[in-house]
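A short write-up of the structure that comes next.
The values are calculated or read from the model by the stated rules, or taken from the named source; none is laboratory data. For clarity, every value in this text was computed on a predicted model and none was experimentally measured. All Cβ positions, even for glycine, are placed from backbone atoms using ideal geometry, and neighbour counts span all protein chains on display. Please note that ligands, DNA and RNA were not included when accessible areas were found on the heavy atoms of the full protein model with its side chains. Shrake-Rupley method; radii C 1.70, N 1.55, O 1.52, S 1.80 Å.
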Amino acid sequence: MFNKILIANRGEIACRVIKTARKLGIATVAVYSDADANALHVAMADEAVHIGGAPSRESYLVIERVIEAARKTGAEAIHPGYGFLSENSEFCRACDAAGIVFIGPPVGAIEAMGSKSAAKRIMEEADVPLVPGYHGEDQDPALLKKAADDMGYPVLLKATAGGGGKGMRQVWSAAEFDEGLAAAKREAMNGFGDDRMLVEKYLTKPRHVEIQVFCDGHGNGVFLAERDCSVQRRHQKVIEEAPAPGVDPALRTRMGEAALQAAKAINYVGAGTVEFLLDEDGSFYFMEMNTRLQVEHPVTEMITGQDLVEWQLRVAYGETLPLTQEQVQIKGHAFEARIYAEDPANDFLPVTGTLSFLEPPEESRHVRVDTGVLQGDEVSVFYDPMIAKLIVWDEDRDAALRRLGKALSEYRISGMTTNVDFLYNLATCEPFKAAELDTGFIGKHHDKIFHDGEQDVAAGATLAALYLVLRRAADARHGSAAAHDPYSPWNQSNAWRLNEPHVHLFELELQGQHFPVVVEQLGQGSGISYNITVAGKTVRAQGKLAGSDLYADIDGYRSRATVAEHDGVYSLYTQESAQQFSQVTADLGAEDAGSGDAALCAPMNGTIVTLLVEPGSEVKKDAALLVMEAMKMEHTIRAPADGTVKAFYYAAGELVEGGADLLDFEPAAD
Ligand code: ADP
């Protein structure tokens, strides 16, 4: 076996490869860009080489730098991961020239599959079923249009050099063809510098089912079952599963054999994936072959009990495949959910930010988290916004799906918008449970996946209110222990003061909505509970804090939530969702009102009822200064200390906004 390998990648896949290398006793070399100096893959590797600037074209895509790093460190082989240089035949050649093993297929196989249309021609000759369409060299627009007219609409235009869904356009009628072609060509030219197109019959309700194949250099080849990757957004996978629901052993064998035929047609060696569209009637059509390890390979590992990176390393070293076709067994069911920094509500646009809080679910025999980031890391504009892959396994689909829902509900990320809630809604919706899969799944079940969550928001506001009250009480306990004057009312946490005793009023902003909150404290000491009124509904609440966990009892319903603070904004994670909240207004009853200012702000939107002293008056601490009304309750604003009321900013009868300064108060000099 190799003594040392270099991983020409970053993030989760680099970490994933390093784990297997370690298991096999192989030393590892990481490469990194300026942006990744402190990245997890660098920390995990035995050695690491800086290869350039943050943009990948200045580092991870620079063939000479990667080869030089391997030379310098004496790495005998390079694992390219996926993306970056993994399907770059020039890189494969450069490895050969440098006497370094490329852990992947031979250059000829990469080239054969590099163009979607050339790949289709090869597959046609090998009798692998193809989606009906045109994949010829002649790119005359009239010819392309005629091909579309002949096969009938809808059709799909695809960039032959395409990938990642770029340069792809559906065309629904002859009238739309020219415009669709122009748009697809523009996108392809921008993305790949090549605007050649192929035209395919657009299947309206297909599933994306792909076969994992593996071949060694001794003429052996096996398929390791299939993965269903039908759940896609923007033609890109979001949740994958294995085996594919409804694919029986007979269909599996037919697809597997077709895939192996495809691999053999190009003298394939190593891990590859043959992607098919599976039509409702059980017909399947070759789409493309990916000549590398796929992002979603873990679901295959979970159901076969194999380590595909280990297989890659063995095959690259010249060994035979670890198993024969008969020995490949599948057991149970696995899902993978891709956790992205992206905004599902905004067309899944990638977002960036710092992972200010990151708590993945606990790993076990059933739950695996493949990631390349730690709390505090950046998701930057430079690379793919994938944060992690969450993989679950269980004996059957239902059990595995329950695990997926639970693990997603435990995934806690702050600092940026993620798709975790979206994935949770998706994984727990009825059509997904019923495996009603096709590539239009997300669009078709949009309302179920993007439900508005009105209910959740009010419930979230109640939990948020409970959290703030408990946090404040905890902070005050610390404060009173530490303060000079343990008897000072400012350092007490047993009851609220200044205005209505035991009543706490503030305003919360949660998910962009404002909620006036009234908290009434009941009891003292360990028996403390609260009546919390939010959005007109009062509940009896109790709770305790342990680290970032909130244990809540709301009207007898107990649950655990997690709250993480970052820059004055809190993230509240419950089983169903992650919500952002903050406290909008200062709190009249707050312990920190001792600063004076906070006590002189309006606790929420309301009306000034009356001013109780003349401007310029000297007053004693706790003297009543003005009365305002909010939420049908009167609140008396009192002097936070001895001092002078210099001016009132509002007159009786005026409306004030929550948080507004009410008066100018100057505390007396000591
Ligand atoms: P890319 O390489 O850009 O990811 P693919 O050829 O792999 O593009 O196709 C991506 C997805 O687009 C497929 O998984 C499928 O959902 C959809 N798709 C591709 N070809 C067709 C087709 N002929 N009919 C319907 N959907 C298709």
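Residue check: residue 376 meets all listed conditions (1) closer than 30 Å to residue 33 by Cα; (2) within 16 Å of the ligand (Cβ to nearest atom) but one, namely (2).
Would you be able to say whether some residue in the range 126-134 is more than 26 Å from residue 283 (Cβ to Cβ), away from the ligand (no atom under 15 Å from the Cβ) and not polar (S, T, N, Q)? Talk me through it step by step, then tell me what you get.
Let us first name the residues in the range 126-134 that are more than 26 Å from residue 283 (Cβ to Cβ), namely none.
No - not one qualifying residue is present in the range 126-134.
Put simply, of 388, 399 the only residue that is open to solvent by less than 20 Å² (accessible area, probe 1.4 Å) and either of a type in the set (S, T, N, Q) or under 27 Å from residue 35 (Cβ atoms) (or both) is 388. Determine if the range 154-168 includes at least one residue that is out of contact with any Asp or Glu (no Cβ under 7 Å at 6 or more places or on another chain) and away from the ligand (no atom under 12 Å from the Cβ). Checked the range 154-168: no residue is out of contact with any Asp or Glu (no Cβ under 7 Å at 6 or more places or on another chain) and away from the ligand (no atom under 12 Å from the Cβ).
For every residue, the table says whether it meets (1) surrounded by fewer than 15 Cβ atoms within 10 Å (Cβ to Cβ); (2) in a helix (DSSP H, G or I); (3) at pLDDT below 90.
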| site | (1), (2), (3) |
| --- | --- |
| 460 | no, yes, no |
| 464 | no, yes, no |
| 475 | yes, yes, yes |
| 504 | no, no, yes |
| 515 | no, no, yes |
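Output the number of residues of the range 325-380 satisfying the condition of being under 20 Å from residue 396 (Cβ atoms), outside any loop (DSSP other than H, G, I, E, B) and open to solvent by 20 Å² or more (accessible area, probe 1.4 Å).
Going residue by residue through the range 325-380, those that are under 20 Å from residue 396 (Cβ atoms) are 328-337, 364-368.
Next, only the ones that are outside any loop (DSSP other than H, G, I, E, B) stay: 333-337, 367-368.
Subset that is open to solvent by 20 Å² or more (accessible area, probe 1.4 Å): 368.
Total satisfying the criteria: 1.
Of the residues screened, residue 199 is one that is at pLDDT 95 or above and within 10 Å of the ligand (Cβ to nearest atom).
Could you please let me know if residue 445 is open to solvent by 10 Å² or more (accessible area, probe 1.4 Å) and either touching a helix residue (DSSP H, G or I) at 6+ places or on another chain (Cβ under 6 Å) or at pLDDT 95 or above (or both)?
Values: open to solvent by 10 Å² or more (accessible area, probe 1.4 Å): yes; either touching a helix residue (DSSP H, G or I) at 6+ places or on another chain (Cβ under 6 Å) or at pLDDT 95 or above (or both): yes.
When the stated conditions are applied, residue 445 passes them.
Scan the range 235-254 for residues that are within 15 Å of the ligand (Cβ to nearest atom) and in contact with an Asp or Glu (Cβ under 8 Å, 6 or more places away or on another chain) and jot them down.
237, 239, 240, 241, 244
Looking only at residues in the range 87-119 that are within 34 Å of the chain's Cα centre (by Cα) and among the charged types (D, E, K, R), the one that is farthest from the ligand (Cβ to nearest atom) is 90. Restrict the check to the range 414-427 and report whether at least one residue is surrounded by 22 or more Cβ atoms within 10 Å (Cβ to Cβ) and on the phi > 0 side of the Ramachandran plot. Scanning the range 414-427, I find at least one residue that is surrounded by 22 or more Cβ atoms within 10 Å (Cβ to Cβ) and on the phi > 0 side of the Ramachandran plot, so the answer is yes. Just to be sure I understand, how many residues within the range 169-196 are surrounded by fewer than 17 Cβ atoms within 10 Å (Cβ to Cβ), within 15 Å of the ligand (Cβ to nearest atom) and within 17 Å of residue 147 (Cα to Cα)? Residues in the range 169-196 being surrounded by fewer than 17 Cβ atoms within 10 Å (Cβ to Cβ), within 15 Å of the ligand (Cβ to nearest atom) and within 17 Å of residue 147 (Cα to Cα): 2 in total. Looking across the range 266-276 at every residue that is open to solvent by less than 20 Å² (accessible area, probe 1.4 Å) and either in a loop (DSSP other than H, G, I, E, B) or not hydroxyl-bearing (Ser, Thr, Tyr) (or both), the one that is nearest to the ligand (Cβ to nearest atom) is identified as 275. Among the residues of the range 50-89, those that are β-branched (Val, Ile, Thr) and under 20 Å from residue 27 (Cβ atoms) comprise 51, 66, 67, 73, 78.
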